[in-house]
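The values are calculated or read from the model by the stated rules, or taken from the named source; none is laboratory data. What you see is a predicted model, and the numbers here were worked out from it, not measured in a lab. Cβ placement follows ideal geometry from the backbone for every residue including glycine, while neighbour counts extend to all protein chains displayed.
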Amino acid sequence: MRPPRKLLALLLPLALLACGGGGGGGGGPTEPPPPQPGIVVTPATAPATGISIASGTGTNQSTLILEIRANSVSDLYGIAFDLRYPSGILQLVQASSGTFLGSATLQSVPGSGTGLLIVGLSKLGAVSGTNGSGVLMTLEFRAIAAGQGTFSFEQNSAVSSSGQAITNFGWSAGTVQVTR
């Protein structure tokens, strides 16, 4: 038995509506999720022997703990450097000695320009230098704005326990991205 033509004429438009009229299939492209708030440090390639930076334990969405690290050094007695940092996105809170040079003395003062920290870190007295790798110091920064910037070392020097400049010694910094 064949269905009446009136019934077919009525069902056909309903069937097309149920199918959504063909094509389309689900709207436009999916938007990427918004970036998560945080601070990401991207160190430059660390030198085989020398100083580099790294993000330290305690870094979170609003605080950056920046480690200044020694890499495969021999007879390191002290270092001095200027560190440029992106003051438009980070505010320096404090500087602290690390454990690598033992009870070394740390001096750090803001430079004459914004985004400049002048640092001296040294052992004292007639003691031997330190060999190996480890954290020389940490710098705590507070994120004050979103953006990205660069860390750079300037006026660098490293000395041995005999007071001589250490040669074949690299300095490697990196970049930072603050997302809010």
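Residues of the range 67-115 that are over 20 Å from V159 (Cα atoms), in contact with a Lys or Arg (Cβ under 8 Å, 6 or more places away or on another chain) and not hydrophobic (A, V, I, L, M, F, W, C): Q91, G115. Looking at E154, E140, which one is surrounded by fewer than 16 Cβ atoms within 10 Å (Cβ to Cβ), part of a strand (DSSP E or B) and touching a residue at least 12 places away in the same chain (Cβ under 8 Å)? The unique qualifying residue is E154. The number of residues in the range 120-137 being crowded, with 20+ Cβ neighbours inside 10 Å and closer than 30 Å to P37 by Cα comes to 2. Residues of the range 47-94 that are among the small types (G, A, S) and over 14 Å from the mean Cα position of the chain (by Cα): A48, G50, A70, S72, S74, G78, A80, S87, G88. Would you call T63 farther than 18 Å from A173 by Cα and modelled with pLDDT of 95 or more? The answer is yes for T63. Among strands (runs of 3 or more DSSP E) entirely within the range 62-132, having at least 2 residues that are acidic (D, E) singles out 63-84. Within the range 169-180, restricting attention to residues that are part of a strand (DSSP E or B) and of a type in the set (A, V, I, L, M), which residue is surrounded by the most Cβ atoms within 10 Å (Cβ to Cβ)? Ranking the qualifying residues of the range 169-180, first place goes to V176.
Filtering the range 29-58 to residues that are free of Cβ contacts under 8 Å to residues at least 60 places away in the same chain, polar (S, T, N, Q) and over 20 Å from L117 (Cα atoms) leaves T30, T57.
Applying the selection to the range 157-168, what residues are surrounded by 17 or more Cβ atoms within 10 Å (Cβ to Cβ) and of a type in the set (S, T, N, Q)? I'd like the intermediate steps shown before the answer.
First pass over the range 157-168, keeping only residues surrounded by 17 or more Cβ atoms within 10 Å (Cβ to Cβ): 158-160, 166.
Correct list: S160 only.
The set of residues from the range 146-175 being under 24 Å from the mean Cα position of the chain (by Cα) and either modelled with pLDDT under 95 or among the hydroxyl-bearing types (S, T, Y) (or both) comprises T150, S152, S157, S172, T175.
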